[in-house]
Amino acid sequence: MIFLDIYKISCNRFWVHRLNLCLIVKFCPSITNPGPTPAQNSLSVYYQNIQGLIPFSYLGNEHPILNDSKIFELHCYLHRKYPDIVILNETWLKSSILDNEILPQDKYKTFRLDRCNETHPFDENNTKRFRKNGGGVLIGISNQLSVSVKTIPLKCKAEFLAVEIVFENKTKIIVATCYRVGTLGSINAEEITNALRKLSRKKSVKKMFVIGDFNLPGINWNEGTGKTSLDNTFLNGFAECGLVQCIQEPTHIKGSILDILLSKSSDHLQNLKVETKKHTVILIIIQSHLKSTLNARDAVFRNELYIIILRLIGLI
């Protein structure tokens, strides 16, 4: 009698699972059709100001736990879209957290710059500007790309991370990210602009893209003017490096453009789309010559965030 009951339960579970699968396929047909394979001349780049991959209550803990919901949502997106490059700002990570806890190591090679005294030095003149915890940036490069990648040493006292990507035809591009605490002053601004100068002077590099949360709400990007001397320091530094700011719509719920994309030319952009959410997600398609079979359909990721979809063309 017991075996008969177990058999009935097993049968019921089987048909429940079959029914669930049929409903999913019927109402979400895209799950059986991952979409067209993208042309072999593009890179998909996913950027997000993640605002902490650990709970805020664990921010001061040297061995914090991860924010399971954010990790789950990030992994779900990566599993569906498999972007070639993943860029995260405000990771809040500590050295006790392994790379493969954030990005699967069989899919991505991870480059991290967690907050430390070197990237976020203590300011004796204004102790309120110093935040020991938080910050941090990350870049992940897909292992499925036929490219070589290396970190570019900058010796920068700011949260600024840059990698050089070399394609099979020896073409090189730079992808970098920077997170800047809004209360930091001229010393930090000079560190960031010096890093940009070093990168822009690399003659062997075809193109350079820098994306991140610079926290410069006072700048009017349409007019190229700032409200403070610090704003003008950044504007002058960007102009000196031949960089233009390519995002012209708000990337924060309060209407400011905090997350910016710097490039040598805005002509490489197409189809810029912004949805009003809380902070920024950006998906970039970079045209290049490489072999890739990854899915690069438009992003539909939502997590109470801004979503910006744009296309970079004419890279090579």
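The values are calculated or read from the model by the stated rules, or taken from the named source; none is laboratory data. Owing to the predicted nature of the structure, the values given are computational and were not obtained by experimental measurement. Every residue, glycine as well, gets a Cβ built from its backbone with ideal geometry; the counts of neighbours run over all protein chains shown. When the accessible area is computed, the model is the full protein with side chains, heavy atoms only, and any ligands, DNA or RNA have been set aside. Shrake-Rupley method; radii C 1.70, N 1.55, O 1.52, S 1.80 Å.
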Does the range 68-98 hold any residues that are in a loop (DSSP other than H, G, I, E, B) and either without any contact (Cβ under 8 Å) to a residue 12 or more places away in the chain or within 21 Å of C178 (Cα to Cα) (or both), and which are they?
P83, D84, E90, T91, W92, L93, K94, S95, I97, L98
Consider T119 carefully, then state whether it is open to solvent by 70 Å² or more (accessible area, probe 1.4 Å) and either in contact with a Pro (Cβ under 8 Å, 6 or more places away or on another chain) or modelled with pLDDT under 90 (or both).
no
What number goes with the only condition from (1) more than 24 Å from S148 (Cβ to Cβ); (2) aliphatic (A, V, I, L, M); (3) modelled with pLDDT under 85 that L294 does not pass?
(1)
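Being modelled with pLDDT of 95 or more, aromatic (F, W, Y) and either under 14 Å from the mean Cα position of the chain (by Cα) or on the phi > 0 side of the Ramachandran plot (or both) is true for just one of Y77, Y108. Which residue is that? Working first, answer last.
Values: Y77 fails: modelled with pLDDT of 95 or more.
Result of the check over Y77, Y108: Y108.
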Can you name the number of the only condition in (1) part of a loop (DSSP other than H, G, I, E, B); (2) within 21 Å of Q51 (Cβ to Cβ); (3) in contact with a Ser or Thr (Cβ under 8 Å, 6 or more places away or on another chain) that E168 fails?
(2)
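Pick from L138, L230: which is touching a helix residue (DSSP H, G or I) at 6+ places or on another chain (Cβ under 9 Å) and either basic (K, R) or assigned to a helix (DSSP H, G or I) (or both)? Full working, then the answer.
Working: L138 fails: either basic (K, R) or assigned to a helix (DSSP H, G or I) (or both).
Going through L138, L230 in turn, just one is touching a helix residue (DSSP H, G or I) at 6+ places or on another chain (Cβ under 9 Å) and either basic (K, R) or assigned to a helix (DSSP H, G or I) (or both): L230.
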Looking at V166, V181, V149, V175, can you tell me which residue is without any contact (Cβ under 8 Å) to a residue 24 or more places away in the chain and among the aliphatic types (A, V, I, L, M)?
V166
With the checklist (1) acidic (D, E); (2) open to solvent by less than 60 Å² (accessible area, probe 1.4 Å); (3) more than 21 Å from the chain's Cα centre (by Cα) in hand, flag the one item D259 doesn't pass.
(3)
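Hey, among D99, D84, D106, which residue is open to solvent by less than 30 Å² (accessible area, probe 1.4 Å) and of a type in the set (D, E, K, R)?
Working: D99 fails: open to solvent by less than 30 Å² (accessible area, probe 1.4 Å); D106 fails: open to solvent by less than 30 Å² (accessible area, probe 1.4 Å).
Step by step, each of D99, D84, D106 is checked, and only D84 is open to solvent by less than 30 Å² (accessible area, probe 1.4 Å) and of a type in the set (D, E, K, R).
Does the range 56-75 hold any residues that are of a type in the set (G, A, S) and open to solvent by less than 60 Å² (accessible area, probe 1.4 Å), and which are they? Working first, answer last.
At the first step, the residues of the range 56-75 found to be of a type in the set (G, A, S) are 57, 60, 69.
Once the filter is applied, which keeps residues that are of a type in the set (G, A, S) and open to solvent by less than 60 Å² (accessible area, probe 1.4 Å), the range 56-75 yields only G60.
May I ask you to verify whether T228 is free of Cβ contacts under 8 Å to residues at least 12 places away in the same chain and either surrounded by fewer than 15 Cβ atoms within 10 Å (Cβ to Cβ) or within 20 Å of E249 (Cβ to Cβ) (or both)?
yes
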Kindly indicate the residue of the range 148-198 that is closer than 23 Å to N232 by Cβ, open to solvent by 30 Å² or more (accessible area, probe 1.4 Å) and of a type in the set (V, I, T) and also modelled with the lowest pLDDT among those meeting that condition.
T183
